[in-house]
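Working notes, beginning with the structure itself.
The values are calculated or read from the model by the stated rules, or taken from the named source; none is laboratory data. Keep in mind that this is a model prediction, so the values were computed, not measured. We place every Cβ from the backbone using ideal geometry, glycine too, and count neighbours over all the protein chains shown. We work out accessible area using only protein heavy atoms, side chains counted, and drop any ligands, DNA or RNA first. Shrake-Rupley method; radii C 1.70, N 1.55, O 1.52, S 1.80 Å.
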Amino acid sequence: MRKALRVGFEKRGLVRAARIATTPRVKRSAVLTVACAVLSCQPAQVAPPPCPSVSPTLSTATAAPVASTAPPPDPRASLPKNWVDAADKIAAASKARTNAYTWLSTLTDSFGHRLSGSKALEGAIDFAVESMKKAGLSNARREKVMVPHWVRGKESARVVTPIEREIAMLGLGGSVGTGNKPIKGEVIVFDTLDDLKNSKDPLKNKVVLVNQPMPPFDPKTNETGYGTTATIRWWAASEAGKKGAVAALIRSVTAKNFRMPHTGSMAPYEKDGPKIPAAAIAPEDADYIARASKKGAVTIELSMGAKTFPDAESANAVAELAGSSLPNEVVVVGGHIDSWDVGDGANDDGAGCAMALDAVTLLKELQLVPKRTLRVVLFTNEENGLRGGKGYFEAHGKEVHIGAIESDFGAGAPRGFQVHGPAPFVAAVKSWTPLFQEWGAVDIQEGHTGADISPLEKAGVPCVGLVPDGSHYFDLHHSHADTIDKIDPGNLRKNAAALALMAYLLAEGAVL
Ligand SMILES: [Zn+2]
C-alpha cells in the first residue's frame, strides 16, 4: 500500500478501515472505495458529495465492509464433485417427497403398537417386506428370530390412604403380575436409586417408590438425561426386591409432567432372586406420594395382570440395493419395527423404519447405486431383548460390513449424526459436514450409534447413528402419546434425505 496513502489514513484514523480493506474477500473494491473516500472527502465534518459506492459514514473508522455481490464460496468445493452432485440430486428429489410419511402413517394406522410376540408386529413385518418388494429392493424377506413374549394384561394402581386417588401407571416390560389379587402396602419413597441401594431401612412388605426426576433437556448438547434415569427403571425392582419389598414403583422416565406414565424394559429377574412387580407412574403421582408420605403413611393398591409366555417367532425385515461393483461388501441401514404396547410407536421407532426404507428407495429411484450393497434391516424386538440385532449379527456377522447406520431417536428437526469407529473414519465423516448443510444435519459427533447395530459396532464395524433434535423425544417415549400426529412430515423427509446421503457415501467407500 503506497506510503502516502498510509500517512493519509493515519491522519484521518482510517487505518482500521484500510486494514478491513485488505482482508482478502473484500480486497479490490474496498481499497477502491477507501481511496475514493480519501481523495474526494474533505475533513470528516463536511459531508462530501456521495461517491457511487461511498457512504457518508466512511469517515468513521468503523465503516463496515461493503457486502460483496459475489456468491459466497461453496463450502463443499473441497469435496469430490460426485459427492456434491449426489447431495444435490437427493436434495432436489426429496424437496416435496412424502413417501416416508405416507408409509409411516400406514404402519401406525394399520397396525398400531407392535410389541414382540404380538400379531400386530408380525403383520407390520409382513407389510414392511411387501413395501420393500414394491420399492424394487432385491431379495426382500423375513429373517426368523425368536423373541420374548410378555403381555401386560389388565392393570391399575391407586392410593388408598390418606385419600383415595387414582395413579396413572404402566407396568414395566418383563415384570411379573400381582397374581389374582392386588398388592396392598405402605409406600417408602427414595429420592434416588443410590438412596435405595444404600438404605438400611426395613423394607419388608413395603412398596418402594424411586422418585428421581429426569433432568431437563439440554438444547446446547442435545443431552436428554435418559442415560442416568433409564438405569432406575432397569434396576429398581431387583434392588427393592433384595430388601424385601413387595413391589417397586418408579417415577416415569420423562422430564415433562403431562400426568402420563412411560413404560420400558427392566432388568431380567435373577434366576433365584425375588420377583416383585414393577411399574412406572406419572411424575405428578410420584410427587403426590412423596409429599403425602412426609406427613404420614401412604398406602397404595397395585394390580397387574402381566404374564410372560414362551418365546414367539418373529423376524427382521430385510432387503437390499445390490452394490454396483462390490456387492459382497455391505452397509446396513436400519431401525426397529417393534414398539411398546402403548401409543402407536410412531417416533419409536416407526419413524426410523420409514426413514431407512425411504432413504435406500430414493437412492434406487435416482439411480444413485453405490459400489457396495445397501442392506435395509428393520429389526424386531429392540425394546425388550435386542433379539433382532443379535440375530442379525449371528446370521450375517461373518460378512464384510463396511458400515452400519441406525435411526432410533425419533424424527425431530435434523441435527446431525453420532459416529463410532477408527479415528480416520470419524474424521472423514466429520469432513462431510458441508454436504449435510442442506438439511441442517451438521452436528457430527463421536458417540453411541444405536442398540440394534451395537453387535456390529462391538465387532469393529464403523457405525453411524442419525441424531435428530431430541427436545421432545422423551415427552412421548414409550407412552400413549407416541402417535402419528407428533410426526412433522417435513422433518421426517429431511432426515430421510440426510440418511440417504450418509448411506450413499458409506457404501461408495468415501471413508476408505
Ligand atoms: Zn426405540
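Counting only strands (runs of 3 or more DSSP E) that fall entirely inside the range 158-199 and contain at least 2 residues that are assigned by TED's automatic domain parsing to the domain that holds LYS243 and buried (at least 17 other Cβ atoms within 10 Å of the Cβ), the qualifying elements are 169-171, 183-190.
For first residues located in the range 479-498 and not assigned by TED's automatic domain parsing to the domain that holds GLY171, partners that are in a loop (DSSP other than H, G, I, E, B) and among the charged types (D, E, K, R) and lie 6+ apart or on another chain with Cβ distances below 7 Å form the pairs ASP482/ASP344; THR483/ASP344; ILE484/ASP344; ARG493/ARG97.
If you go through the range 205-214 one residue at a time, do you hit one that is without any contact (Cβ under 8 Å) to a residue 40 or more places away in the chain, in the same structural domain as THR161 (by TED's automatic domain parsing), more than 24 Å from HIS262 (Cβ to Cβ) and open to solvent by 20 Å² or more (accessible area, probe 1.4 Å)? The answer is no, given that none of the residues of the range 205-214 is without any contact (Cβ under 8 Å) to a residue 40 or more places away in the chain, in the same structural domain as THR161 (by TED's automatic domain parsing), more than 24 Å from HIS262 (Cβ to Cβ) and open to solvent by 20 Å² or more (accessible area, probe 1.4 Å).
Of the residues making up the range 127-164, those that are among the small types (Gly, Ala, Ser) and under 23 Å from LEU357 (Cα atoms) are ALA128, SER131, ALA135, GLY136, SER138, ALA140. Against the condition touching a residue at least 12 places away in the same chain (Cβ under 8 Å), open to solvent by 40 Å² or more (accessible area, probe 1.4 Å), under 21 Å from TYR288 (Cα atoms) and assigned to a loop (DSSP other than H, G, I, E, B), how does PRO202 come out, does it pass? Against the criterion (touching a residue at least 12 places away in the same chain (Cβ under 8 Å), open to solvent by 40 Å² or more (accessible area, probe 1.4 Å), under 21 Å from TYR288 (Cα atoms) and assigned to a loop (DSSP other than H, G, I, E, B)), PRO202 does not qualify. Do we have ASP348 as acidic (Asp, Glu), part of a helix (DSSP H, G or I) and more than 16 Å from the ligand (Cβ to nearest atom) here? It is false that ASP348 is acidic (Asp, Glu), part of a helix (DSSP H, G or I) and more than 16 Å from the ligand (Cβ to nearest atom). One residue is enough: does the range 433-444 have a residue meeting the conditions aromatic (Phe, Trp, Tyr), farther than 19 Å from GLY227 by Cβ and assigned by TED's automatic domain parsing to the domain that holds LEU368? Yes: one or more hits.
Put simply, of PHE409, PHE379 the only residue that is within 30 Å of THR308 (Cβ to Cβ), open to solvent by less than 20 Å² (accessible area, probe 1.4 Å) and in the same structural domain as ASP88 (by TED's automatic domain parsing) is PHE379. Return yes or no: is ASN316 within 16 Å of the ligand (Cβ to nearest atom) and either out of contact with any Pro (no Cβ under 7 Å at 6 or more places or on another chain) or open to solvent by 50 Å² or more (accessible area, probe 1.4 Å) (or both)? Yes: the conditions hold for ASN316.
Report whether or not SER471 is of a type in the set (S, T, N, Q), away from the ligand (no atom under 16 Å from the Cβ) and either more than 20 Å from THR108 (Cβ to Cβ) or modelled with pLDDT under 95 (or both). The answer is yes for SER471. Whether a residue is assigned by TED's automatic domain parsing to the domain that holds THR373 and open to solvent by 30 Å² or more (accessible area, probe 1.4 Å) was assessed, and GLY465 does not pass this test.
Go through the residues of the range 361-376 one by one and say whether even a single one is within 16 Å of the ligand (Cβ to nearest atom) and over 16 Å from GLY136 (Cβ atoms). No, every residue in the range 361-376 fails to be within 16 Å of the ligand (Cβ to nearest atom) and over 16 Å from GLY136 (Cβ atoms). For the range 395-406, filtered to residues that are touching a strand residue (DSSP E or B) at 6+ places or on another chain (Cβ under 9 Å) and of a type outside the set (A, V, I, L, M), the residue that is surrounded by the fewest Cβ atoms within 10 Å (Cβ to Cβ) is GLU399. Scoring GLY153 on the criteria (1) assigned to a loop (DSSP other than H, G, I, E, B); (2) of a type outside the set (Lys, Arg); (3) at negative phi leaves a single failure, condition (3). Checking every residue in the range 264-287 against the condition of being outside the structural domain of LEU115 (by TED's automatic domain parsing), within 15 Å of the ligand (Cβ to nearest atom) and surrounded by 18 or more Cβ atoms within 10 Å (Cβ to Cβ) gives at least one match.
For the range 379-416, a residue qualifies if it is assigned to a strand (DSSP E or B), farther than 22 Å from ALA140 by Cβ and away from the ligand (no atom under 16 Å from the Cβ), and exactly one does: GLY416.
The single condition from (1) touching a residue at least 24 places away in the same chain (Cβ under 8 Å); (2) under 22 Å from TRP83 (Cα atoms) that PRO468 fails is (2). Take SER68 and tell me if it is part of a loop (DSSP other than H, G, I, E, B) and touching a residue at least 24 places away in the same chain (Cβ under 8 Å). Yes: the conditions hold for SER68.
Looking across LYS256, LYS307, one residue alone is open to solvent by 10 Å² or more (accessible area, probe 1.4 Å) and closer than 30 Å to ALA356 by Cα. It is LYS256.
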